[in-house]
Amino acid sequence: NVVETQDHYKSRWRSIWIMYLTMFLSSVGFSIVIMSVWPYLQKIDPTADASFLGWIIASYSIGQMVASPLFGLWSNYRPRREPLVISTAISVAANCLYAYIHVPHSHNKYYMLTARALVGFGAGNVAVVRSYIAGATSLTERTSAMANTSACQAVGFILGPVFQTCFTLIGEEGVTWKPICLQLNMYTAPVLFGSLLGVINIILIFAIFREHRVDDMGRQCKSINSNGEGSDVLDQNTEGSIDHVAVVALNVLFFVILFVFAVFETIATPLTMDMYSWTRKEAVFYNGIILSVIGIESVIVFMVVKTLSKKTGERAILHAGLLIVLVGFFILLPWGKKLPNIQWQEIKNNSIPGTAPTEMLAPLWSLQELQLPFNHTAEPVGCPVTQSWCLNTPMIYLAQYISSDVLIGLGYPVCNVMSYTLYSKVLGPKPQGVYMGWLTASGSAARILGPVFVSQIYTRLGPRWAFSLICGVVVVSLLLLEIVYKRLIAYSVRYGRMQE
């Protein structure tokens, strides 16, 4: 081990900043088209229905879930620049494919599905990013670095839709370059912008990024990834085994945290349409504003958490975050007497309460960004009578909904950062690529299953069942945290090399 020089310190932090940028760009790649996927899909392929949209939204997470452990494994044995550059190049190519899906004469929806799955596959590099940051920071720097990483990810999710909104000024027709069959319009411009950002990212990885590794005390170590050297460069710090009980527990907790947030995002639009008689356009607009405010709240929380964790420790903050999320969902339970407005127009179709038509069973994630393709003057609003629970479940007041949004927007980022930080500390000095890959994969699985779960439970049984089950899941995860609480300590502390 070598005491760190000033040059090494500067180079190490420059490389970490490039990782922050990679994280930011990967989340922009996801969110920059999310508002326009549905109208674009209807335009290029009239055969696509709302349930196919559900698959397109999910394909990103499926791609990421498959790729994360693979890129993680790759980054354990080879220079990390390789998986970073290849994954970013896949995303750039996938975005270019998305810009050309209007060209084929048939099966356009499958080309869109492929493009989004490949963008997700490229985003599997977040496992590489997090494992690099874990290995290139000391224990004292780790929480702050992980919080910055999550903040960059959150800012990417917020700014993606903002970029998309700016590109709507180009309009649906836009301009066409005949020689290369390229249509530049409000649907293709965002992905081409995403490709440009990806190319810039690749250039910066080549120009600035260097492999660095420090031990838990912050002393310089030789990195297993530099110039493909063998495992003989691993120093004596890696003696001792990883606590796999703690690792599995943190994977489960991380799954729950992302599952709960995916449910919350998915339910927002249908819930507000049912409870407050908002039209589809109003629901997308108001919830868009609410989610943006939550995004800003999250970034502030990430910054506060860095200071707070030094005083109380990560485990206590994770505990508090889960409790806040629990209270947030508990508030959402219907308590009052007043029933929501019923959408009686449905009865014309001779629908019988209790029988859900097929379109109600399409995952609600598909309704999340649903915008009216044409101007409905008399769009039916209120709680559809086809959802039999509408007739006997009290409404959730707007004050309840807003309070819940604020609490979940506070609890979620806290849990997110703390689970990543604790995970990297438990793993210790060994290369963390594969483990970070599994953590990212469990988060992706939660983002796939959350919307499916909530669309089935909410549509058939209503908000009381849906939110009670979520509260139950959070209570179980709090119990799990209690059981493994003493094991969630840094590797160096566990083996007596450092004091907690």
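The values are calculated or read from the model by the stated rules, or taken from the named source; none is laboratory data. Not measured: the values here are computed from a predicted model. Positions of Cβ are generated from backbone atoms using ideal geometry, with glycine treated the same way; all protein chains shown enter the neighbour counts. Ligands, DNA and RNA are stripped out before the accessible areas are found, and what is left, the full protein with its side chains, is counted by its heavy atoms. Shrake-Rupley method; radii C 1.70, N 1.55, O 1.52, S 1.80 Å.
Got at least one residue in the stretch 420-432 being basic (Lys, Arg) and open to solvent by 40 Å² or more (accessible area, probe 1.4 Å)? Yes, the stretch 420-432 has at least one match.
Restricting the first member to the stretch 95-114 and to residues that are in the same structural domain as residue 29 (by the TED database), and the second to residues that are modelled with pLDDT of 90 or more and open to solvent by 60 Å² or more (accessible area, probe 1.4 Å), the beta-carbon pairs closer than 6 Å and six or more apart or on different chains are 101/111.
If you go through the stretch 305-346 one residue at a time, how many are basic (Lys, Arg) and more than 17 Å from residue 140 (Cβ to Cβ)?
2
Between 297, 211, the distinction of being open to solvent by 10 Å² or more (accessible area, probe 1.4 Å), at pLDDT 85 or above, assigned by the TED database to the domain that holds residue 139 and not hydroxyl-bearing (Ser, Thr, Tyr) belongs to 211 only. Of the candidates 3, 33, the single residue that is of a type in the set (A, V, I, L, M) and out of contact with any Pro (no Cβ under 9 Å at 6 or more places or on another chain) is 3.
Taking residues in the stretch 469-480 that are in contact (Cβ under 8 Å) with a residue 12 or more places away in the chain, and partners anywhere that are assigned to a helix (DSSP H, G or I) and not aliphatic (A, V, I, L, M), the pairs with Cβ atoms closer than 7 Å and at least 6 places apart or on different chains are 470/329; 471/329; 471/330; 474/329. Among the candidates 137, 143, the residue that is in a helix (DSSP H, G or I), surrounded by 20 or more Cβ atoms within 10 Å (Cβ to Cβ) and either touching a residue at least 12 places away in the same chain (Cβ under 8 Å) or not small (Gly, Ala, Ser) (or both) is uniquely 143.
Restricting the search to the stretch 320-367, which residues are open to solvent by less than 40 Å² (accessible area, probe 1.4 Å), in a helix (DSSP H, G or I) and modelled with pLDDT of 85 or more? Scanning the stretch 320-367 gives 321, 322, 325, 326, 328, 329.
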